[in-house]
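The values are calculated or read from the model by the stated rules, or taken from the named source; none is laboratory data. Everything numeric here is computed off the predicted structure, so don't read it as measured data. Positions of Cβ are backbone-derived with ideal geometry, glycine not excepted, and every protein chain shown enters the neighbour counts. Please note that ligands, DNA and RNA were not included when accessible areas were found on the heavy atoms of the full protein model with its side chains. Shrake-Rupley method; radii C 1.70, N 1.55, O 1.52, S 1.80 Å.
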Amino acid sequence: SDLDIALMGKRLQTEPVFPISVFKYPFGKARELEWGSFVYLMGYPIGNKMITKGIVSSPKHDRNTAFLIDAPFNRGSSGGIVLAIRDGIPNFELVGIANSVSAKTKFLLGPGDDTDIDETNIYLPYHGELYLHQQENIRYGITHIIAIEAIIKSFKSHQNQLQRAGYNIDILLKRNS
């Protein structure tokens, strides 16, 4: 809960019909990212598989547990992986996971959602009840990323709990050490 990350999985009763591809890229070092480093963000915003590029704008935003990039972020981008390139393509490294986007909350007064309003003439005075509505305005270009070092540290500190739940993270940690 400190990092706002979750590990999800599914126990299979039989061998999968289709091969399950394994993420073949190593863990990188987010702490080595600099201002202006290029990264790629992959996710499923609004249910669409997408990849976008971003520039690291604050490499040590939160004491090495997080950094900021300018990549576009929409609902569904949370949990998307962030890859950096070391020594040219195809040397991708996992450097983090997209966490959130900056937003500003506005409170507006207006009619209820079920109010029938004549949208052809919005300048007519409204005489019904007013309700307070909350509106989140995304501040595009300020995407928060959880650094891979913080994720690995969390996995290690919860290793016993994860193993009891059926996750063998030893393989993952050894492969990327």
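At a glance:
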item: Tabulated pairs, the stretch 133-144, first touching a residue at least 60 places away in the same chain (Cβ under 8 Å), second of a type in the set (Phe, Trp, Tyr), C-beta under 7 angstrom, 6+ apart or interchain; result: 143/73
item: Among the residues listed as 108, 173, the single one being modelled with pLDDT of 90 or more, open to solvent by less than 90 Å² (accessible area, probe 1.4 Å) and aliphatic (A, V, I, L, M); result: 108
item: Close pairs from the stretch 147-174: first in contact (Cβ under 8 Å) with a residue 12 or more places away in the chain, partner in a loop (DSSP other than H, G, I, E, B) and among the hydroxyl-bearing types (Ser, Thr, Tyr), Cβ under 8 Å, at least 6 apart; result: 147/65; 149/65; 150/65
item: Of the criteria (1) touching a strand residue (DSSP E or B) at 6+ places or on another chain (Cβ under 8 Å); (2) open to solvent by less than 40 Å² (accessible area, probe 1.4 Å); (3) under 24 Å from residue 35 (Cβ atoms); (4) at pLDDT below 85, which one residue 152 fails; result: (4)
item: Within the stretch 30-42, tally of residues that are on the phi < 0 side of the Ramachandran plot and either open to solvent by less than 60 Å² (accessible area, probe 1.4 Å) or part of a loop (DSSP other than H, G, I, E, B) (or both); result: 7
item: Scan of the stretch 43-53 for residues that are part of a strand (DSSP E or B) and within 13 Å of the chain's Cα centre (by Cα), ordered by number; result: 43, 50, 51, 52
item: Matching residues, the stretch 78-105, being at pLDDT below 85 and either open to solvent by less than 30 Å² (accessible area, probe 1.4 Å) or over 15 Å from residue 31 (Cβ atoms) (or both); result: 87, 88, 89, 90, 100, 101, 102, 103
item: Output for the stretch 117-138, where each listed residue is surrounded by fewer than 10 Cβ atoms within 10 Å (Cβ to Cβ) and over 29 Å from residue 75 (Cα atoms); result: 118, 120, 121, 122, 123, 124, 125, 127, 129
item: Meets criteria (open to solvent by 40 Å² or more (accessible area, probe 1.4 Å), at pLDDT 80 or above and in contact with a Gly (Cβ under 8 Å, 6 or more places away or on another chain)) for residue 158; result: no
item: Answer from 143, 120 - the residue that is assigned to a strand (DSSP E or B) and hydroxyl-bearing (Ser, Thr, Tyr); result: 143
item: Test: residue in the stretch 68-78 that is in a strand (DSSP E or B) and within 30 Å of residue 154 (Cα to Cα); result: yes
